[in-house]
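Each remark here refers to the structure printed beneath this line.
The values are calculated or read from the model by the stated rules, or taken from the named source; none is laboratory data. Being a predicted model, the structure only gives us computed values, none of them experimental. Cβ sites come from the backbone with ideal geometry, for glycine too, and all protein chains shown count toward neighbours.
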Amino acid sequence: MIISRRIKHGLVQFTFLMLLGVIAWHMFHKTPNISPDIFPYLSSVTTAQVKQCQEDTLQSPKVLWEDLLALRSTLPEKQAQALITQLQNQVSFKDLNWGIIPSTTYKKVERHRDILMQYTYYYPKKYTFPVRGKTWFEDSFGADREGGLRRHEGTDLFGPEGTPIVSVCGGEVEQLGWNRLGGERVGVRGDDGNYYYYAHLQYISPQLIKGQRIEAGEDIGGMGHTGDALTTPDHLHFGIELPNGQWINPYPFLAVWQMWGE
């Protein structure tokens, strides 16, 4: 009877410790909550809008970049320009006269402004275009791969073999070397928390070491066709994975980063 009680007591303790372990694991491995409106909005921003904001900033350096782009990317041009003129006359965002613009639209602009402040992909010179040299690319995110068994989770940038590839941002080298699909590949955990994936490289820069710091514009390697790209033209497969494990379309960001480098 005493042994049976001890066994039961031990099982209760073991179950309690296991439960604590599960709770602790979930606390330390909690998936970041990313609002579903963030990347649809960011993907809707055009290079023309970003370029116009650059020109506006040159005219009025004290006007916040996020204010300009939130207005230009949300409102019709005439409404946006009327509010931008107020900003250029040193009226603060919170004191803008919105006229007949509905409060729901104002809140939408405000929400987009908050997103741009948190996610700085379009901020001038914040990120670097990954290819140094001639390249062309198009939006192929989500296209069929392996006969529909999987989807394309990145953007392919084509160019001559060996074209230099550089890091788009500062971060830490997290993955390095060969895998089946990517061939010679490098994975960088960016300072923004995202995972940046560079695949099908002809070679990896010899100075890279797993775990080391890398800065924007530093060498990653050379463009190639390794891995499952063996029979395709030379290209860089570039991918962006969010901290929650979601792969997003890099194309809109690449288009802007290329413009900043021109």
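Return the pairs, sorted by first residue and then second, in which the second residue is of a type in the set (Ser, Thr, Tyr), the first residue lies in the range 87-108 and is farther than 19 Å from residue 56 by Cα, the beta carbons are less than 9 Å apart, and the residues are 6+ apart or on different chains.
Hits for this filter: 98/105; 98/106; 105/74; 108/74.
Go through the range 192-227 and give me each residue that's touching an Asp or Glu at 6+ places or on another chain (Cβ under 8 Å) and of a type in the set (D, E, K, R).
210, 213
Suppose we filter the range 214-244 for residues that are at pLDDT below 95 and either at positive phi or not assigned by TED's automatic domain parsing to the domain that holds residue 179 (or both); how many remain?
Matching residues across the range 214-244 total 1.
Do any residues in the range 207-223 that are of a type in the set (Asp, Glu) have Cβ atoms under 7 Å from those of residues that are buried (at least 18 other Cβ atoms within 10 Å of the Cβ) and in a strand (DSSP E or B), where the two are at least six apart or on different chains, and which pairs are they?
218/166; 219/166
Within the range 213-242, take every residue that is in contact with a Ser or Thr (Cβ under 8 Å, 6 or more places away or on another chain) and in a loop (DSSP other than H, G, I, E, B) and give me the one that is surrounded by the fewest Cβ atoms within 10 Å (Cβ to Cβ).
Across the range 213-242, the extreme among qualifying residues is 215.
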